Amino acid sequence: MGKVTVKLPGRSYPVLVGRGALVELPQLVRGLGAPAAAVITDETVARLWGPDVLAGLSGAGVRTEMLAVEPGERSKTLQALERTLGFLEEVGLDRSGVVLALGGGVVGDLAGFAAAIWLRGVRCVQVPTTLLAMVDSSVGGKTGIDSPRTKNAIGSITQPVAVVADLATLESLPEAEFRSAFGEVVKYAVAMDRDLAGELEEGHRELLERGTERLEPVVTRCVELKAKVVAADELDRGPRAILNYGHTLGHALESASGYGALHGRAVAFGMRGAARIAERLQVCGPELVGAQDRLLEAFGLPGELPAVRAEDLLAALPRDKKSSGGRVRWVLPRELGSAQVGLAVPDEVVAEVVRCLLP
């Protein structure tokens, strides 16, 4: 089992990665001195993994209650947040207790934000059950919900006290969601780690078969890369923006489609766009564009995307959270394993690329 420590000023927390990691959860919670736990999950994960988690915690003497919300982005709303806070109040979770976010990125964002604002902050353990959440959203403390027009517009940066990523939970993940997550994995490779790109190219077939031998070191490496960036820029004031590679166009696509696109596919689309913008600006060469395309295609990405008009996607761009003074700040690749943050791009270049990529 892999273990990564996210080191922050004055504190740190562990990220456990491996098959069977859920077995460690009850004692981890007991080690926090938490007499009670509120498990926030979704209806699908509740059926698959809820009984095991509840039994383990109860067996360790932790009083446990569970709330299951509707699966999907529809649960990242003010209404869902209000319901979650009402649940925490109903079960009487005080500051000695802990919130467990059991599920994918939506559950992690919702539960993490609820924990951050309930009683002005209670502890949260992230227990990701999707590949996307394991390599990205469960680590780093970004939590929140969507506004009607902008993804993740309402939220906070509040770190979990631990992350427990059990690769066995991926066996129940639908194929489309599993493949989509490699959009985020490829992001790390292209923007930050050339060696990881080689590992993905060499092992993509075994990775898609969900083999632990290939998957565990890849997930662990992604967590290591994110942990390093978060340690250097916890509050997202500068270098952490590199993690936004592919997300500028990706978030705009999600917003323009009414959040109908799988996140990893949207990020893959955004990466294709960002690389083509970089080529037109001579930030990178055509060989990088081709290498990234091949890497994404090895995982079937971007794959099927919702029908979105170029004009609607372009209209959504100024609402990007990385905008400054009304201008979008882009993350663009320079070469395989390296990207540059904070670049301004002429509107006409963005429009040209978007119109080329969208049918």
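For this structure, a couple of remarks:
- All positions within segment 39-59 that are touching a residue at least 12 places away in the same chain (Cβ under 8 Å) and farther than 24 Å from GLY105 by Cβ: GLY59
- Evaluation of MET66 against (1) in contact with a strand residue (DSSP E or B) (Cβ under 8 Å, 6 or more places away or on another chain); (2) part of a helix (DSSP H, G or I); (3) not aromatic (Phe, Trp, Tyr) (one fails), failing number: (2)
- Complete set of residues in segment 25-70 that are among the charged types (D, E, K, R) and more than 14 Å from SER96 (Cα to Cα): ASP42, GLU43, ARG47, ASP52, GLU65, GLU70
- Filter result (touching a residue at least 40 places away in the same chain (Cβ under 8 Å) and within 24 Å of ALA268 (Cβ to Cβ)) within segment 164-179: ALA165, LEU167, THR169, LEU170, SER172, LEU173, ALA176, GLU177, PHE178, ARG179
- Taken over segment 2-23, residues that are closer than 17 Å to LEU215 by Cα and free of Cβ contacts under 8 Å to residues at least 40 places away in the same chain amount to 1.
- Test: residue in segment 69-85 that is farther than 30 Å from ALA266 by Cβ, at pLDDT 95 or above and of a type outside the set (Ser, Thr, Tyr): no
- For segment 120-131, the candidate set comprises residues that are more than 20 Å from the chain's Cα centre (by Cα) and under 18 Å from VAL29 (Cβ atoms); within that set, the residue that is surrounded by the most Cβ atoms within 10 Å (Cβ to Cβ) is VAL122.
- Flag for ARG265 being basic (Lys, Arg) and within 17 Å of the chain's Cα centre (by Cα): yes
- For segment 235-255, the tally of residues that are buried (at least 24 other Cβ atoms within 10 Å of the Cβ) and in a helix (DSSP H, G or I) stands at 11.
- The listed residue being touching a residue at least 60 places away in the same chain (Cβ under 8 Å), charged (D, E, K, R) and assigned by TED's automatic domain parsing to the domain that holds ASP293, out of GLU216, GLU202, GLU206: GLU216
- Taking segment 24-38 as the range and being part of a helix (DSSP H, G or I) and touching a residue at least 60 places away in the same chain (Cβ under 8 Å) as the test, the residues that pass are GLU24, LEU25, LEU28, VAL29.
- Qualifying residue in segment 76-97 (condition: under 19 Å from the mean Cα position of the chain (by Cα), in the same structural domain as ALA153 (by TED's automatic domain parsing), not in a strand (DSSP E or B) and not hydrophobic (A, V, I, L, M, F, W, C)): yes
- Qualifying helices (runs of 4 or more DSSP H) (wholly inside segment 258-341; at least 2 residues being assigned by TED's automatic domain parsing to the domain that holds ARG194 and touching a strand residue (DSSP E or B) at 6+ places or on another chain (Cβ under 9 Å)): 263-280, 286-298
- Qualifying residue in segment 28-36 (condition: among the hydrophobic types (A, V, I, L, M, F, W, C), closer than 18 Å to CYS124 by Cα and under 19 Å from the mean Cα position of the chain (by Cα)): no
- All of GLY33, GLY59, GLY86 fail the test of being at positive phi and surrounded by fewer than 18 Cβ atoms within 10 Å (Cβ to Cβ), apart from GLY33.
The values are calculated or read from the model by the stated rules, or taken from the named source; none is laboratory data. Because the structure is predicted, anything quoted here is derived from the model rather than measured. Methodologically, a virtual Cβ is constructed for each residue, glycine included, from the backbone with ideal geometry; neighbour enumeration extends over all protein chains shown.
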